[in-house]
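S.K.: Please see the structure below; I have some questions.
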Amino acid sequence: MPASYAYLGPEGTFTEVALRTLPEAATRELVPMVSVPAALDAVRIGEAEAAFVPIENSVEGGITTTLDELVAGAPLMIYREVLLSITFALLVRPGTKLSEIKTVTAHPAAQPQVRNWLKNNLPDALWESAASNADGARLVQEGRYDAAFAGEFAAAKYGLQPLESGIHDAENAQTRFVLVGRPARPAAPTGADKTSVVIWQRDDHPGALLELLQEFAVRGVNLMLLQSRPTGEGIGNYCFAIDAEGHISDRRVGEALMGLKRVCPQVRFLGSYPRAEVDPKDVRAPRAGTSDTEFSAASDWLARCQDGRF
């Protein structure tokens with residue numbers, strides 16, 4: 001397997017900045033790709049060891065392209081996550097004035113994060129989506145658009161200048177990125193972990209989703225993300241992407257996943273991995289009755305009952 005990480009390019013994306021915060025990135029060749037699907041496919045076909053892609057932002061929620069690519073195709077697994085604070089700059093060719101801007105571009109996930117700024121400052125500008133924010137900067141450099149929302153650090157790379165900086169509609173906006181590789185044994189639990197899965201309902205009936213979520217609730221597993229995605233099989237057919245606190249090796253998490261596997265036609269395990277910026281000592285203790293010790297004690301009690309040793 002090549003010692004390289006593919007990422008959403010070109011150079012100068014927020015994805016690249018987040019990727020370079022990983023210590024192991026210094027020992028890998030970092031290969032920019034034209035899209036999230038291209039980065040993930042590079043892993044699937046063995047051209048890259050791993051891919052680093054955005055998966056969620058705190059303003060708009062899940063990055064649907066990434067979620068859909070992880071749901072479909074050959075299985076992949078998440079190994080790490082990184083959180084990055086996001087603010088945008090409006091990058092233009094030197095000499096461009098705000099009043100001259102008629103077209104703007106950026107990645108689709110950027111638009112909800114600058115929507116109000118656009119309404120107040122460029123209400124008549126036409127928005128066009130780009131493959132990434134840095135690609136939008138490249139298109140401005142080429143003269144395709146008048147301005148791009150991107151990281152201010154991308155300006156020098158593309159010969160642009162930041163006309164406005166610190167643009168954001170929501171304070172403390174963050175984007176979550178994940179390092180994705182081919183399936184393997186998850187890393188050992190750290191005490192501050194997250195488990196990601198995608199589940200499909202067997203059929204649509206009143207309370208169907210509630211029944212699936214109860215597999216987590218009755219075992220004291222807290223959910224951190226729940227997002228529906230269409231399956232492509234018709235209106236009303238959805239699968240659900242879920243992030244849950246804990247590691248698959250935790251008894252409460254493992255048994256919740258077994259419960260889902262019994263009742264769902266398909267469950268795709270996307271990985272158990274350390275939560276970004278969370279210290280294990282700050283993680284709350286499992287709810288009473290849901291710790292590994294209590295699961296083991298209950299299992300031992302059942303075995304004694306079965307053996308007539310109660």
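Residues are listed down the side, and each one gets a yes or a no for (1) farther than 27 Å from Ala173 by Cα; (2) among the small types (Gly, Ala, Ser); (3) touching a Cys at 6+ places or on another chain (Cβ under 6 Å):
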| position | (1), (2), (3) |
| --- | --- |
| Met33 | no, no, no |
| Glu69 | no, no, no |
| Gly73 | yes, yes, no |
| Ala89 | no, yes, no |
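S.K.: Turning to a different aspect of this structure: From the residues in the range 76-113 that are charged (D, E, K, R) and closer than 19 Å to Ala18 by Cβ, which one is least open to solvent (accessible area, probe 1.4 Å)?
M.R.: Glu81
S.K.: Which ones in the range 56-96 are under 20 Å from Phe149 (Cβ atoms) and of a type in the set (Ser, Thr, Tyr)?
M.R.: Matches in the range 56-96: Ser58, Thr64, Thr65, Thr66, Ser85, Thr87, Thr96.
S.K.: Does the range 1-22 hold any residues that are surrounded by fewer than 16 Cβ atoms within 10 Å (Cβ to Cβ), of a type outside the set (S, T, N, Q) and at pLDDT 95 or above, and which are they?
M.R.: Arg20
S.K.: Right, something else. Select the helices (runs of 4 or more DSSP H) contained entirely in the range 201-310, then report the ones holding at least 1 residues which are within 26 Å of the chain's Cα centre (by Cα). Steps first, answer last, please.
M.R.: Values: elements: 208-217, 251-263, 292-307.
Output list reads 208-217, 251-263.
S.K.: Here is a follow-up. Evaluate the range 50-58: report whether one residue or more is outside any strand (DSSP E or B) and either in contact with an Asp or Glu (Cβ under 7 Å, 6 or more places away or on another chain) or crowded, with 19+ Cβ neighbours inside 10 Å (or both).
M.R.: no
S.K.: Is it fair to say Gly166 is under 30 Å from Val92 (Cβ atoms) and open to solvent by 20 Å² or more (accessible area, probe 1.4 Å)?
M.R.: yes
S.K.: Is it true that some residue in the range 266-288 is under 21 Å from Trp200 (Cα atoms) and of a type in the set (A, V, I, L, M)?
M.R.: Yes: one or more hits.
S.K.: Condition first: outside any strand (DSSP E or B) and under 21 Å from Phe14 (Cβ atoms). Now tell me which residues in the range 85-112 satisfy that.
M.R.: Ile86, Thr87, His107, Pro108, Ala109, Ala110, Gln111, Pro112
S.K.: Could you tell me whether the range 114-124 includes any residue that is polar (S, T, N, Q) and buried (at least 19 other Cβ atoms within 10 Å of the Cβ)?
M.R.: Within the range 114-124, none of the residues are polar (S, T, N, Q) and buried (at least 19 other Cβ atoms within 10 Å of the Cβ).
S.K.: On to the next question. Taking Ser228 as meeting all but one of (1) in contact (Cβ under 8 Å) with a residue 40 or more places away in the chain; (2) open to solvent by 30 Å² or more (accessible area, probe 1.4 Å), write down the number of the exception.
M.R.: Result: Ser228 fails condition (1) only.
The values are calculated or read from the model by the stated rules, or taken from the named source; none is laboratory data. As the structure is a computational prediction, the values presented were derived from the model and not from experiment. Every residue, glycine among them, receives a Cβ derived from its backbone with ideal geometry; neighbour counts consider all protein chains shown. All accessible areas refer to the heavy atoms of the entire protein, side chains included, with ligands and DNA or RNA removed. Shrake-Rupley method; radii C 1.70, N 1.55, O 1.52, S 1.80 Å.
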